[in-house]
Structures are given as C-alpha cells and as structure tokens.
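The values are calculated or read from the model by the stated rules, or taken from the named source; none is laboratory data. All figures in this text were calculated on a predicted structure; none of them were measured in a lab. Note that each Cβ is placed from the backbone with ideal geometry, even for glycine, and that neighbours are counted across all protein chains shown.
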Amino acid sequence: MFSNYLKLAIKVLGRRTFFTVISLFGISFTLMILILLSAYMDAELGSHQPLSQKDDMIFLNRLMMTNEVIDTSYQIDTVMLDGVEVYDSTEVLDKNRNSVSISSLGYYFCDNYLRDVAGADIYSFYSPGFSYDIFVNGKKLSFDVVYSDADFWNIYDYQFSSGRPYRQQEVDNQSQVVVLTEKAAQDYFGGMDAAMGEFIEIDGKQFEVIGLVKRPSNSKGFLSGQAFMPLTTLKPVYLDDDENFQGPFEAVFLAGSSTGMKDIEQSILQKSKQIALPDPENYNNLYLITSDFFGRYANSIFPNSDNDPEKSKRTFILIGGGLLLLFILLPTLNLINLNVSRIMERSAEIGVRKAFGAHSGSILTQLLFENIVLTFLGGAIGFVLALIVLHLVNDSNILGDTILRVNYRVFGYSLLICLAFGIISGLLPAYRMSKIHIANAIKQTNV
Amino acid sequence: MILLKDVTKVYQTKTIETTALNNISLEVPTGEFLSIMGPSGCGKSTLLNIMGMIDEPTSGQVAIQGQAVSDYHTKAVARFRNEKLGFIFQSFHLINELPVIDNVELPLIYRRISGKKRREMAQTALEQVGLKNRMKHFPGQLSGGQKQRVAIARAIVGQPNIILADEPTGNLDSVMGNEIMEILLNLNKELGTTIVMVTHDETMARKTHRLVRLFDGSQVL
C-alpha cells in the first residue's frame, strides 16, 4: 500500500511543478533555519566538551547580601461599633530591603565556606572575568583569561590536542604555566606546534605553555577564554583579602547523582543561613544563588533583577518557544494553504478511491504520507543547505567560540522537525479531503 | 439483489429545494443487466449513486443483498463497496500519474492483498478486457475506448457481485461504445454479475435485460 502511495506521491509532485517548487522552497528554507537553530541549541545546551558532565553540575556564581528591616506602619479604617462609626487601626509589619549587594564570590568565601558542600564529588573555584591585551609583532590580541584550580579540568572536560592541564601542585606553587586554546596559540605563536614549551607574556608575567585545548563546541559566556592559568597566579588582592565575601570567583560542584545535586543545593542553602556576615550592621542576610546548567545559561542571556535562575529559565522558554512557534506557524500556515489548493485538485481521484473502498482513515493516511514525503524531500534539501550555511558560519567565527555540528542528535531533531512539519501542515487539508462527499467529488473531471 | 423502496432524494440549499428522486421503488434481481434512461437531470446518476452507497437517500429504504444499507457503519460501507461493488464512470476517472496496472490494482489496495497477488489479479482483469499488452502504459497514452476498458478492468478486478456503470459509452464513438457494451454483456452472461447501467443511448439500453425510464425524478416505465 505504502509503495503505491510513494509512487503516487512522487508522480503528484511532478504534476504541478510550480506548486511543488514553491512548496519545496518554503519547506527547505524553514527546515534549514530550524536545523541550524537545533544545531545551535545543541551546541549551546547539549552535553559537549567541556560540559559533558553538565547534567551533574551545580553552579554558584552569585551571592547577594541584603539588609532587611521590619517596617511598621498603621492602616486606619472605620468600623461600626454598636451603631456608631469609630476609627480602627491595624499594625502592618513589612519586610523591606534597604540595601542590596550582589556580586560574584571572593576567594576567601570560597576557600572558607564552600569546601565541604554535601553531595559534591568534586568542586572547582575559578575566575573567568579577566581580559588582557597582548601585543605580538605589533598586533594587538585580546585574551580572556580563566584563573582556576586544578579540579577545574576534572569538571570541565576540555579536549587537549597536546600537552596537559596544570596540576594541584603547580597551583599550590603558583607555577607560571598556561593552557591555551589552539586558536590562541595560532594567533600568538603563528602555529600550534611552535607554542608548546614556549612562553607567553600575560599581565606583565611570562607563562610557559604546557597544554593546548581544542576549541569548545559552545560559547558559554561564563567559560569562554583563550588562556587558562592557576588561580594562585592572580594578583594577591584577589586572593588575600581577609573576610572578603565578594570577588571575581565562581564555584561549580559536580554531583555523583541526581540526588547529589539536590543535596548540594540544600547544603548551600543551609550554609547561607548559617554563615556569619562580616559586616552585620550593613548586611544581615546572605543569599547564595545556585542553578543547574540550564538556569546558569538562561540567566547569562536573560538576567533578572531578582537574580533568580528559575525566572530566567521561564523567560528563556517563553521567549524562545514563542519565537519558535511564530517561526514555524507562518510557513506552516502558508504550506497548509498550498496543500489545500494542491489536494483540492485531486478531489475526483479521492472520490474514486473512496468509491472503490477507501475509508476516510485510508485517505487521511495517504495524503499525510504524501505530505510527509514532500516535507522530507524539502527536509533533505534544507539539510544540505543547512550544512553549507553551517560550514560558512563556522568558518566566519560569526558565533564566537560556538561550533555548529550536525551530529546524530541534530540529525534526529531534523527528522523529527520534518515529521512534525509534514504532519502539522498536511493534517488539516488531508482531514478535509478525507471527509469529502464521494458523489460530489467524482463530478470533478480531473483525476 | 438490489432493493429500493420509496426512495426520495432532495437536494436542499438555503433558498432552493430540488427533488432529484421521488418515491422510487425498484428491484434489481441478482444477475440482471438493467439500464436506466432519461433526460439530463432526471436523477439517473443520483439513483445509481444511491445504489452504490456513495450517496444517501433523504427518505426510503435501500437494501443490497438482503441487508439494509442504513445498518452499515461508515467503515463497513467502504468495505462493502470494495468487496461487492464495481464502478464505471463516463469520464473513466483513471489516475493519470499511475500506469494502467496500478490503476487496475486500486480496489485491491484497500483489501490488504499482497503486491504479488494484486499484480496477478490485475493482469487477469486486463486480460479479460483485452489490454494485457498495455499494462505499463499510462492513461494519457490510451484511446478513449482503451481507457474505459481499463476502468472496466478496475471495476471487475475485485470480482464484485454488482457493477454500476454511469454512461460507460457516453464519451466514446459507436464502434468503441459497442466494444465496451460487448464486454459488459459478457461479464453479465459469463460471470452472472448484476449490472446497472445509466445511459442516454437507446440502442445500448435495448441490449440489456430491462429498461427503466426516469423523468423529473420519478419512474415512468
């Protein structure tokens, strides 16, 4: 049955070339964009190096200190008492924040309070926010530097093309060693082979290149960097300030299991209630803002005044989903319109099929099948177009560090998108046609 | 046997009500070749459609092979049409994108018969109408008479008990019309297939067992 449907579907496409070309153009262009979008989302949110373990990570990148006071106010109203109107007052207690300070974490805070978080197998403290201008052969290069401990490499699985990461001993010894991205090595040394064992001057100090990492497949703003160095090589001001809760650091905790993640969040919440604040006169409450990877990612795109990652997630889903829906809806409506015209032309054929025993379900299946064939054909063209655009995008570095790849997952998404698009755009016309009155349909002369 | 009792069909729009069939009662015994004649718009095709369960009467009863049509649910009607009825249309209604053999196989597709068996049955049907050598041709490559023979092959491939033919010779010249008529007469004679044929052609109608005339939706003979 389906081979017959397929044969007919292909023949029908050739019947009205103009309709087919317009349909294919619309489908392939839309699917190309959707495939690129799914490749982008996969690169950004998928489990790729250096975030292969992202689903077990809890991020702590913000702390908020507030001074909360109880304000008392009185609400006056009138009530009737024994038939006499009298005034009544209600005391209202409002919790108000009269000062708020939000920042990333100080090393002192990380070192003293975050080393014993329950549920965490490994943790790392690192500072991604430093940028230096480096001059080589009269050319200025801007390097983003990430300062980290040694466990950073155990949590973020950067792929080393040569060399190795720095070890804890080197961190403890303040060794002036650096891991570069391949691109940074290429830019600075003119080649990757030439970089290993050489020295690079960053912030006025010489650092020996001990490893090169491949370009990550995503551009997580909070992880982007061209150079990685032991956090102990930071200026002392960032490390030695006594009792400074605030600073340039953030922490990541790797849980052994999903329950571990909950334990981590619970443990951090407990700590936020127990830690004594250094300046209780100005700040009497501490909030530690944790999030999973998606929350961290969404918050970096849609920050909010409450620093609430859950709110950012909702905004991300709402805006992203809304845009996606809008993007799919317009071409789908257009395709439905085209399909209605295309299918209505075949009412006599459908009438004949029904006369010879096809029931509505068979007709619906046939027309949906044909539409899915058309969509998959458009999908194949869209896929090829997406590969070309993807190649151009990656070559042009237009998305920064993000590398778009069509892997099995993106391919799977593409197939699903094609299927969904085919079903959505074909269902209404197919349903209408499946319910057509046979006697009226066979009055049409064109089959 | 086809039995119609007090069948009325009224087409109704917002402003106009048209009676296409008015109290028709008719019995077509098994194995009969019946022709229906009448001027254009007298309700011939409507009557045929009602017999073929592709249209419903406004009132009255229709029974085919002893079973009231109203007893069937939608899927059963489709199955009944598929197994018991064959249709031949004036304008052939072949699917131009498919070769002759695939057109003939069409009713068998809905019986879930294997591809090999379908092909065998379609070849036999084409052989019966003398078109075995045109199996891979497309309808566009055939003459009007050949197209109608393909349509007959499609109608008989499932070995139905009843064939309903709506002006099968209407689009053909007299030579080809006679050829088609011969095939239908043979089917009726050799296989005992009940045939109801709508026609404008008196000569063709006289070759059948019985003639029914309609005028303005009523049976006049």
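Condition check: closer than 30 Å to B:Phe80 by Cβ, more than 14 Å from chain B (Cβ to nearest Cβ), surrounded by 14 or more Cβ atoms within 10 Å (Cβ to Cβ) and modelled with pLDDT under 90. Does A:Leu368 satisfy that?
yes
Select the helices (runs of 4 or more DSSP H) contained entirely in the range A:111-200, then report the ones holding at least 1 residues which are under 30 Å from A:Ile275 (Cβ atoms) and within 30 Å of the chain's Cα centre (by Cα).
Of the helices (runs of 4 or more DSSP H) lying wholly inside the range A:111-200, those with at least 1 residues that are under 30 Å from A:Ile275 (Cβ atoms) and within 30 Å of the chain's Cα centre (by Cα) span A:152-155.
Which one of the conditions (1) surrounded by 10 or more Cβ atoms within 10 Å (Cβ to Cβ); (2) without any contact (Cβ under 8 Å) to a residue 40 or more places away in the chain does A:Thr66 fail to meet, given that it meets all the rest?
(2)
Taking the range A:203-234 as the search range and keeping residues that are over 18 Å from A:Tyr156 (Cβ atoms) and modelled with pLDDT under 90, which one is surrounded by the fewest Cβ atoms within 10 Å (Cβ to Cβ)?
Looking at the filtered set, the residue picked out is A:Gly204.
Please determine whether any residue of the range B:66-84 is over 25 Å from B:Gln141 (Cα atoms) and of a type in the set (Asp, Glu).
Yes, the range B:66-84 has at least one match.
Here is a list: A:Leu324, A:Leu333, A:Leu377. Which entry is away from chain B (no Cβ under 14 Å), over 23 Å from B:Gly86 (Cβ atoms) and either without any contact (Cβ under 8 Å) to a residue 60 or more places away in the chain or outside any helix (DSSP H, G or I) (or both)?
The match here is A:Leu333.
For residues in the range B:73-88 being at pLDDT 90 or above and within 7 Å of another protein chain (Cβ to nearest Cβ), which is nearest to A:Ser360 (Cα to Cα)?
Going through the qualifying residues, I end up with B:Ala78.
Within the range A:122-135, identify whether any single residue is in contact with a Pro (Cβ under 6 Å, 6 or more places away or on another chain), under 23 Å from A:Tyr238 (Cα atoms) and polar (S, T, N, Q), and answer yes or no.
yes
Tell me, which strands (runs of 3 or more DSSP E) lie completely within the range B:136-221 with 2 or more residues that are touching a residue at least 12 places away in the same chain (Cβ under 8 Å) and not hydrophobic (A, V, I, L, M, F, W, C)?
In the range B:136-221, the matching strands (runs of 3 or more DSSP E) lie at B:210-215.
Hey, can you tell me all the residues within the range A:238-264 that are within 18 Å of A:Ala120 (Cβ to Cβ), touching a Gly at 6+ places or on another chain (Cβ under 8 Å) and of a type outside the set (A, V, I, L, M)?
Within the range A:238-264, A:Phe249, A:Phe253, A:Gly256, A:Thr259, A:Gly260, A:Lys262, A:Asp263 meet the criteria.
Count, please, the residues in the range A:347-365 that happen to be farther than 18 Å from B:Glu105 by Cβ and more than 9 Å from every other protein chain (Cβ to nearest Cβ).
So the answer is 2.
Scanning the range A:30-57 for residues that are polar (S, T, N, Q) and touching a residue at least 40 places away in the same chain (Cβ under 8 Å), which turns out nearest to the other protein chains (Cβ to nearest Cβ)?
Looking at residues that are polar (S, T, N, Q) and touching a residue at least 40 places away in the same chain (Cβ under 8 Å), I get A:Thr30.
Mind checking which helices (runs of 4 or more DSSP H) fall wholly inside the range B:17-111 and carry at least 1 residues that are acidic (Asp, Glu)?
B:74-84, B:100-109
Conditions tested, residue by residue: (1) within 14 Å of chain B (Cβ to nearest Cβ); (2) among the acidic types (Asp, Glu); (3) part of a helix (DSSP H, G or I).
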position: A:Ser3; (1), (2), (3): yes, no, yes
position: A:Thr20; (1), (2), (3): yes, no, yes
position: A:Ser28; (1), (2), (3): no, no, yes
position: A:Phe59; (1), (2), (3): no, no, no
position: A:Tyr74; (1), (2), (3): no, no, no
position: A:Asp77; (1), (2), (3): no, yes, no
position: A:Met80; (1), (2), (3): no, no, no
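To keep it simple, each residue is scored yes or no on (1) within 14 Å of chain A (Cβ to nearest Cβ); (2) in contact with a strand residue (DSSP E or B) (Cβ under 9 Å, 6 or more places away or on another chain); (3) more than 21 Å from B:Gly52 (Cα to Cα); (4) charged (D, E, K, R).
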site	(1), (2), (3), (4)
B:Glu97	yes, no, yes, yes
B:Lys132	no, no, yes, yes
B:Gln141	no, no, yes, no
B:Lys147	yes, no, yes, yes
B:Asp166	yes, yes, no, yes
B:Gly192	no, no, no, no
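What's the number of the only condition in (1) free of Cβ contacts under 8 Å to residues at least 40 places away in the same chain; (2) closer than 30 Å to B:Ile163 by Cβ; (3) of a type outside the set (Gly, Ala, Ser); (4) out of contact with any Pro (no Cβ under 7 Å at 6 or more places or on another chain) that A:Phe356 fails to meet?
Only one criterion in (1) free of Cβ contacts under 8 Å to residues at least 40 places away in the same chain; (2) closer than 30 Å to B:Ile163 by Cβ; (3) of a type outside the set (Gly, Ala, Ser); (4) out of contact with any Pro (no Cβ under 7 Å at 6 or more places or on another chain) is unmet by A:Phe356, namely (4).
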